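First comes the structure, then the notes that go with it.
The values are calculated or read from the model by the stated rules, or taken from the named source; none is laboratory data. Because the structure is a prediction, the values reported are computed rather than measured. For neighbour counting, all protein chains shown are included, and Cβ atoms are generated from backbone atoms with ideal geometry for every residue, glycine included. When the accessible area is computed, the model is the full protein with side chains, heavy atoms only, and any ligands, DNA or RNA have been set aside. Shrake-Rupley method; radii C 1.70, N 1.55, O 1.52, S 1.80 Å.
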Amino acid sequence: MKTMDAIALDKKYLMQTYNRFGVTITRGKGAYVWGDDGKKYLDFVAGVAVNNAGHCHPAIVKAIREQAAKLIHASNWFYNEKQSELAELLVGISPKGLKRVFLCNSGTEAVEAALKLARKKTRKHKFITMEKSFHGRTMGSLAITWKEHYRKPYEPLMPGAVFVEYGNADAARKALDGDVAAVIVEPVQGEGGVNVPPEGYLRELRELCSEKGVLLIMDEIQTGFGRCGRMFACEEEGVLPDIMCVAKGLGGGFPIGAIVVTEEASSAWEAGDHGTTFGGNPLGCAAAVASLKVLVKEKLHLNAGKMGRILLEGLNGIESKKVKAVRGKGLLVGVEVHGEARPFCERLIKHGLLTSCPTKSVIRYSPPLMIGRMEAGLAVKASKEVLS
Ligand SMILES: *Cc1c(COP(=O)(O)O)cnc(C)c1O
């Protein structure tokens, strides 16, 4: 089974920027993955909210195979059928009013695009961002990311980031002066520990931004494409952002990101104002077209809502002094424990369940959106055994 010692080679040759769990994953199918020792795991990480249709969905595999044999990459100097097709599909499922797309390769690039567009559109430089937020690791998105540990060693960063309390629209109002280009917010904070804001919060932010003439950037990179039980989480409050950032779930595992923007915001960019070599390449777009079609056809967002309720209820039913809180929306669920979460994640692996810990004290459950009652039940059962 094992053809090489991946762990030894990793430790020798790779920069040790990840505190990895001791499993080498070699294969995946649906909600399950297999280690190089042949062991099967129920995957409640899903590439961190990426593999929404499950691992190696036949339609996505087929689309990638066919496109790879036809054209992998050309250039944004030329038109591209797959890019056009994807843009139409993406606009079709996005909140009504978001009409234009810029394609890139990752979440952080989508955020960078949003920041640049907002600055050019408003000619202002500040961004209101949230405590406990996460927007990426490049210099701009890093500057508006909360965790000091991520930011400090790289200062000076992009100036103009102003942090306010998440879930408190009044705090955003107080910070909003005449130099602000945009407010950026996650509808549910993922990396911050699965934080769900109070009802009405996003709507209040929308009203505030409209009143003050600043842009609202919705970071749906983790919450988008059905994860939270709607196609996009901001739809729950009927909120239309000026710019929506997406990535993770878009390509079925293939790296691709995008911003989807209103016609009004989009008008700030002309030819030459932004660009990328790989963004929107035919292979990535073919993967994204296939995964969006699967999402719509299989109504994965509705299943995420249903299974999310079962998972949340099951986890809430665990009686244990170790559990501090259980929260989430759809299939983005967190269990906050007293003390460290990581040892619990490690014990869950021994029970055949993969989870992740976005913060020191939170276990995150972000399975593929196609799981059934059985998988939700298995995850609850393993969690019960480990937590009680
Ligand atoms: C993952 C994530 C990002 C960054 O995406 P990358 O593809 O890792 O650059 C940005 N914002 C949110 C909300 C995320 O969850």
Problem - Residues satisfying the stated conditions in region 307-334, i.e. in contact (Cβ under 8 Å) with a residue 12 or more places away in the chain, under 19 Å from Pro197 (Cβ atoms) and under 23 Å from the mean Cα position of the chain (by Cα) - result: Gly308, Leu312, Val326, Arg327, Gly328, Lys329, Gly330, Leu331, Leu332, Val333, Gly334
Handout entry: Residue satisfying condition, being charged (D, E, K, R), open to solvent by 10 Å² or more (accessible area, probe 1.4 Å) and more than 15 Å from the ligand (Cβ to nearest atom), within set Glu88, Glu112
Key = Glu88
Practice task
Select from region 240-264 the residues that are assigned to a loop (DSSP other than H, G, I, E, B), among the hydrophobic types (A, V, I, L, M, F, W, C) and within 16 Å of the ligand (Cβ to nearest atom) and write down the one among them that is most open to solvent (accessible area, probe 1.4 Å).
Solution key: Phe254
Exercise for the section: Could you look through region 229-239, keep only residues that are open to solvent by less than 10 Å² (accessible area, probe 1.4 Å) and not in a helix (DSSP H, G or I), and pick out the one that is nearest to the ligand (Cβ to nearest atom)? Expected result: Phe232
Problem - Output for region 91-109, where each listed residue is open to solvent by less than 50 Å² (accessible area, probe 1.4 Å) and either within 16 Å of the ligand (Cβ to nearest atom) or modelled with pLDDT under 95 (or both) - result: Phe102, Leu103, Cys104, Asn105, Ser106, Gly107, Thr108
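This table checks each residue for (1) crowded, with 17+ Cβ neighbours inside 10 Å; (2) under 14 Å from Ile243 (Cβ atoms).
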{"site": "Thr122", "(1), (2)": "yes, yes"}
{"site": "His125", "(1), (2)": "no, no"}
{"site": "His135", "(1), (2)": "yes, yes"}
{"site": "Glu148", "(1), (2)": "no, no"}
{"site": "Tyr154", "(1), (2)": "no, no"}
{"site": "Ala175", "(1), (2)": "no, no"}
{"site": "Val185", "(1), (2)": "yes, yes"}
{"site": "Val188", "(1), (2)": "yes, no"}
{"site": "Glu191", "(1), (2)": "yes, no"}
Practice task
Determine if region 171-178 includes at least one residue that is without any contact (Cβ under 8 Å) to a residue 60 or more places away in the chain, away from the ligand (no atom under 16 Å from the Cβ) and in contact with a Ser or Thr (Cβ under 8 Å, 6 or more places away or on another chain).
Solution key: no
Exercise for the section: Kindly provide the set of residues from region 156-173 that are buried (at least 19 other Cβ atoms within 10 Å of the Cβ) and aromatic (Phe, Trp, Tyr), ordered by number. Expected result: Tyr166
Exercise for the section: Could you tell me whether Ala233 is in contact (Cβ under 8 Å) with a residue 12 or more places away in the chain and touching a His at 6+ places or on another chain (Cβ under 7 Å)? Expected result: no
Practice task
Please work out which residue is nearest to the ligand (Cβ to nearest atom), limiting yourself to region 137-146 and to residues that are part of a helix (DSSP H, G or I) and open to solvent by less than 10 Å² (accessible area, probe 1.4 Å).
Solution key: Ser141
Exercise for the section: Please verify whether region 278-292 includes one or more residues that are away from the ligand (no atom under 14 Å from the Cβ), over 30 Å from His55 (Cα atoms) and surrounded by fewer than 21 Cβ atoms within 10 Å (Cβ to Cβ). Expected result: no
Problem - One residue from Ala114, Ala53, Ala68, Ala110 being more than 21 Å from the chain's Cα centre (by Cα) and touching a residue at least 40 places away in the same chain (Cβ under 8 Å) - result: Ala68
Completion exercise
Subset of region 328-343, residues touching a helix residue (DSSP H, G or I) at 6+ places or on another chain (Cβ under 8 Å) and within 23 Å of Arg373 (Cβ to Cβ), comes to Gly328, Lys329, Gly330, Leu331, Leu332, Val333, Val335
